[in-house]
Amino acid sequence: MSIKIKRPVINLLDKLYEAITKPEIVGGWKDNVVGFNGAKGNGTTEPVWGSSGASGIYAMEFTVGDELFLYYHVLHDYKLKSNVYPHLHFFVDETMTAGQQVTWQLKYVEALGYVQGDSLSTPVGDTITLTYTATGNEVAGEHIILECSDVQAFPHKDIDAILMMSIELISENVSGSIFGVMCDIHYESDGSITKQRNGLLGEWVKNIWGRL
């Protein structure tokens, strides 16, 4: 004996199957990470690869004027036109006293790809200064994160763009050595994928073609 299942029931089962087998696309905040360990400087004023204390772990040891250059690829799930926030991670290998400061400067330039007349060789015109002021509660080697403000945040131009950034230690008055770890870009993801592999028409692809 055959059993006939009514169409509404079939539709409901289809939706249930989709909900179970297909992942939900959810946006949120993510990090685009570039570590200092693989970065290069200008060959003159750049940090050295030094031992970070009792741990025996090595990291980039900065003195004032030392600079590194980082490169970021804008990922395909970036929420177009939303602001991004650089996060700088560092530590000092000795305890800090209240009021001591470490100040970094970030300079950056970003350009579109695919021959859109956008240059990475233009003079760097955008600068972010980040200062950490010690509370006196830091332990030696405290993991410190500096994030730019809403005013300093900026939008990427498009997916597949390249962001070039310099990181420089411009002042400090601590007693210990300063080690830089990484600078990640905190960005808002829309949870989507793009239907074509390049960002030539990223906004159109994500906002128009994706609805067809």
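The values are calculated or read from the model by the stated rules, or taken from the named source; none is laboratory data. Owing to the predicted nature of the structure, the values given are computational and were not obtained by experimental measurement. Here the Cβ positions follow ideal geometry from the backbone for every residue, glycine too, while neighbour counts run over all protein chains shown.
Assorted remarks:
- Selection count where residues are closer than 15 Å to Phe69 by Cα and either of a type in the set (D, E, K, R) or out of contact with any strand residue (DSSP E or B) (no Cβ under 8 Å at 6 or more places or on another chain) (or both), scope the range 101-122: 3
- Residue within the range 166-174 that is modelled with pLDDT of 85 or more and farther than 30 Å from Gly141 by Cβ present: no
- For the range 50-77, a residue qualifies if it is among the aromatic types (Phe, Trp, Tyr) and more than 30 Å from Leu112 (Cα to Cα), and the qualifying residues are Tyr58, Phe62.
- If you go through the range 73-120 and keep only what is within 26 Å of Asn37 (Cα to Cα) and in contact with a His (Cβ under 9 Å, 6 or more places away or on another chain), you end up with Val74, Tyr78, Val84, Tyr85, Pro86, His87, His89, Phe90, Phe91, Glu110.
- When the range 102-147 is filtered for residues that are among the aromatic types (Phe, Trp, Tyr) and more than 18 Å from Ser177 (Cα to Cα), the ones remaining, listed by number, are Tyr108, Tyr114.
- Residue match in the range 99-106 (condition: surrounded by 19 or more Cβ atoms within 10 Å (Cβ to Cβ) and either at pLDDT below 95 or farther than 22 Å from Tyr187 by Cα (or both)): yes
- Residue satisfying condition, being surrounded by fewer than 17 Cβ atoms within 10 Å (Cβ to Cβ) and either touching a residue at least 40 places away in the same chain (Cβ under 8 Å) or under 16 Å from Gly176 (Cα atoms) (or both), within set Tyr78, Tyr85, Tyr71: Tyr71
- Restricting Leu88, Leu68, Leu120 to those that are closer than 22 Å to Met164 by Cβ, within 15 Å of the chain's Cα centre (by Cα) and not aromatic (Phe, Trp, Tyr) reduces the list to Leu88.
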